[in-house]
Amino acid sequence: MAVKFQRFSQERAQAKSSRTSSSSSTSSSSEIPILLVHGMGSADTVWKPLIPHLQNFSEVITCLLPGHGGNPLDPRMTMDPYSLAKHLQEEMVREGIERAHVVGNSLGGWIVLELAGHFPERTSTVTALAPAGLWLHPFFLRIPGTDAAKRIANSTNNFAHIGLRLGVAQRLGFSRVSPRWKEISYETMLDAARAMAQSDGYYPAWDAFLNKRFDTPINNDIPITVIFGDKDRALPAKTCQERSLLPAHARWVTLENTGHAPMWDSPAEVATEISRHVLV
């Protein structure tokens, strides 16, 4: 099994998160499940701040990519975005999930776009949060220094539970990801640090998208929303948010004072945008 799902009824999904929140603005609901796909070096725990805001969905499904969150990595496995999308739809078939509203962050955003392009029968709507792959000029090698978060997580994993109580460690680890890093909970930071340290699939996934960009056609009848933060330092607007690579019907949203993880900085706003084209 390449991709692992964890399925929650809405009651269990609420219990999974340590936060509480009010429901999103609309009172209608979706019988089609929502499927959340994390990014490179992350895990399904990244969605904890968002899940309480998804009360309009009868079922929430989180995904673990190969080599992430304790999901074993088969060294023979191809980790490019299309292959991961294929593994995703295969797991949907095994789980008996006909269709889903798919949401992905970073590499996960690229994966759900590939899912929509190659497996439209499985995709009801797409919400891509700071998706990777929207660059005109693909990366052809690992840029030195850009794996700093991975190296820091690896070297500090044994004492992250102590270090992340200190402001200096929080700033070092999260100020590049979020302009609101001071507001991120200790639990969210610790989850992220542990996920990064334990992500054996980090470098295989990185190497697999070198010399690639997203260029798969998507049917016009699949609603697409792309959400970027105005403070995204990982995938800046000038080089990594090329709108011509997506269909003309895609809806683009920019959230203020938000970084590369919109579900952390602006969870209520993200939930509202998801519901805007899902609950119609």
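The values are calculated or read from the model by the stated rules, or taken from the named source; none is laboratory data. Here the structure is a predicted model, which means the values were calculated and not measured. Neighbour counts run over all protein chains shown; Cβ positions are idealised from the backbone, glycine included.
Side notes on the structure shown:
- When the helices (runs of 4 or more DSSP H) confined to region 185-280 are screened for residues that are under 15 Å from the mean Cα position of the chain (by Cα), in contact (Cβ under 8 Å) with a residue 12 or more places away in the chain and more than 27 Å from HIS161 (Cα to Cα), those reaching at least 2 such residues are found at 267-278.
- Restricting ILE152, ILE143 to those that are in a loop (DSSP other than H, G, I, E, B), free of Cβ contacts under 8 Å to residues at least 60 places away in the same chain and of a type outside the set (D, E, K, R) reduces the list to ILE143.
- Considering residues of region 121-180 that are among the β-branched types (Val, Ile, Thr) and surrounded by 17 or more Cβ atoms within 10 Å (Cβ to Cβ) only, the residue nearest to LYS86 (Cα to Cα): THR123
- Count - residues of region 262-280 that are touching a helix residue (DSSP H, G or I) at 6+ places or on another chain (Cβ under 7 Å) and either among the hydroxyl-bearing types (Ser, Thr, Tyr) or more than 19 Å from ILE224 (Cβ to Cβ) (or both): 3
- Residue within region 73-94 that is within 26 Å of GLU273 (Cα to Cα) and not in a helix (DSSP H, G or I) present: no
- Condition check for ALA169: of a type in the set (A, V, I, L, M, F, W, C) and modelled with pLDDT under 95: yes
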